[in-house]
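Visitor: Here's a structure for you.
The values are calculated or read from the model by the stated rules, or taken from the named source; none is laboratory data. A quick note: this is a predicted structure, and the numbers were derived from the prediction, not measured. Cβ placement follows ideal geometry from the backbone for every residue including glycine, while neighbour counts extend to all protein chains displayed. Protein only, heavy atoms only, side chains kept; ligands, DNA and RNA dropped before computing areas. Shrake-Rupley method; radii C 1.70, N 1.55, O 1.52, S 1.80 Å.
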Amino acid sequence: MLFLLLTIGPAFLFACGNILEKSGVSKASKVTGGVAHPWNFFKGVLANGYWWIGMSCSGLASVGYYIAMAKYDLSQVQPMMVLNPVLTALMGFWLLKERLTKRIVVAIIFVVAGLLYSVETGAANTSLQNVVRLWEYAGLLAGATFVVHLCCKDREMVDSLIMGVGFGISAAFYKSLAMDFDLDNVTLESVLGLLLDARSWGYIATYGIAFLYSQVSFSRGRALFIVPFSAAVGAAVPTIAGAFVFAESFPMGKIISVALVLIGASLFVVRRPRRKK
């Protein structure tokens, strides 16, 4: 029950936060001219009430999300976050009267089936620390993302990719830090050690970049593409880290569950139709 509370609750709040932040950033972009006028755009975003409510939802969601990551395997927590685009689609259908396509319905079925399978297998914490492999994994993904940034001209896709990879790597850094930090024995020395740890700076850098690009992508892209794409990438990156960095247990039940969720997440991503010449 605690596992569900710490995963489904944050997923719902993240979905609410995404919609409200998108609304606030879009309004600020229209008034100020967007990121082409960064200072005015920044002031416009900070003056928007919807953006602040969305940030509050995301902040509350992060609390539960981080507790869940500290207590359970990344490969179990991250797939639950794919409920974000599911709930966004359902709220759009219910509140905004948006149309649910057959593709989205199939995506929802895949995600829900995978999550139900995950709940049946039960929550666990089988992670093992491997700091060297963590840095290798983070460096490889950062380098690959930078190459895509240079080569790909589709800014909507690039912004969403950087957002998803950044949040995914930051989750892996956080998991590694949480495994070494003893909450039952907090001392000044342990806190200073945490602040000086290179993984803390890695977490701050990747999370900060991901957050910056989340706001940039909302100002010049579609939420119906940004949210599912970044959620799919953001779930896949830590899940793979669970296997190759933290050597988490992957019984057949978990493999099936994760596969169903990631397939469902990929089905949510709908590309922009090409314009006819």
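Visitor: Give a residue-ordered list of calculated ³J(HN,Hα) values for region 237-250 (Karplus: 6.51 cos²θ - 1.76 cosθ + 1.60, θ = phi - 60°; whole Hz; x for Gly, Pro).
Guide: My calculation for region 237-250 gives 4, x, 5, 5, 4, x, 7, 9, 9, 9, 6, 5, 5, 10 Hz in order.
Visitor: On to the next question. In the chain, what percent of the accessible surface is made up of carbon and sulfur (1.4 Å probe, ligands and nucleic acids excluded)? List each step's numbers first, then the result.
Guide: Values: 10330 of 14470 Å².
Of all accessible area on the chain, carbon and sulfur atoms account for 71 percent.
Visitor: For the chain, set up a GNM with springs between Cα atoms under 10 Å and report which of V261, V132, V216 has the largest fluctuation.
Guide: With Cα springs under 10 Å in the chain, the top fluctuation among V261, V132, V216 is at V132.
Visitor: Using a 1.4 angstrom probe, figure out how much accessible area region 19-78 has per residue, in square angstrom, rounded to the nearest whole.
Guide: On the way: 2870 Å² over 60 residues.
Accessible surface, normalised per residue, equals 48 Å².
Visitor: If you bin the C-alpha pair distances of region 185-229 every 10 Å from 0, what whole percents do you get?
Guide: Going out from 0 Å in 10 Å bins, region 185-229 shows 24, 30, 22, 17, 7 percent.
Visitor: Another question, if that's okay. Can you tell me which of 171-177, 26-32 comes out highest on packing, and rank the rest after it, using the mean Cβ neighbours within 10 Å?
Guide: Working: 171-177: 24.1, 26-32: 17.7.
Result, highest mean first: 171-177, 26-32.
Visitor: Shifting gears a bit: Send over the per residue convex hull volume for the chain, Cα only, as a whole number of Å³. Could the numbers behind the result be given before it?
Guide: Working: hull volume 41.9 nm³, N = 277.
Per residue, the Cα convex hull of the chain comes to 151 Å³.
Visitor: Moving to a separate point now. Quick one: which residues, 5 or more positions from S249 or on another chain, have an amide H under 5 Å from its amide H? H modelled 1.01 Å from N in the peptide plane, none for Pro or chain starts.
Guide: Correct list: T126.
Visitor: Taking springs between alpha-carbon atoms closer than 10 angstrom, which of F12, F41, F181 fluctuates most in the Gaussian network model of the chain?
Guide: Per the Cα network of the chain with a 10 Å cutoff, F181 tops the list.
Visitor: Using a simple charge model, +1 on the beta-carbon of Lys and Arg, -1 on the beta-carbon of Asp and Glu, nothing else, what dipole does the chain show about its Cα centre, in debye to the nearest 20?
Guide: Details: 23 positive and 14 negative charges, 398 e Å.
For this selection, approximately 1920 debye.
Visitor: Now for a different question. Going by a ≥ b ≥ c, the root eigenvalues of the Cα gyration tensor, does region 113-259 fall in the rounded group (a/c under 1.5), the prolate group (a/b larger than b/c) or the oblate group?
Guide: Working: a/c = 1.94, a/b = 1.20, b/c = 1.62.
Oblate.
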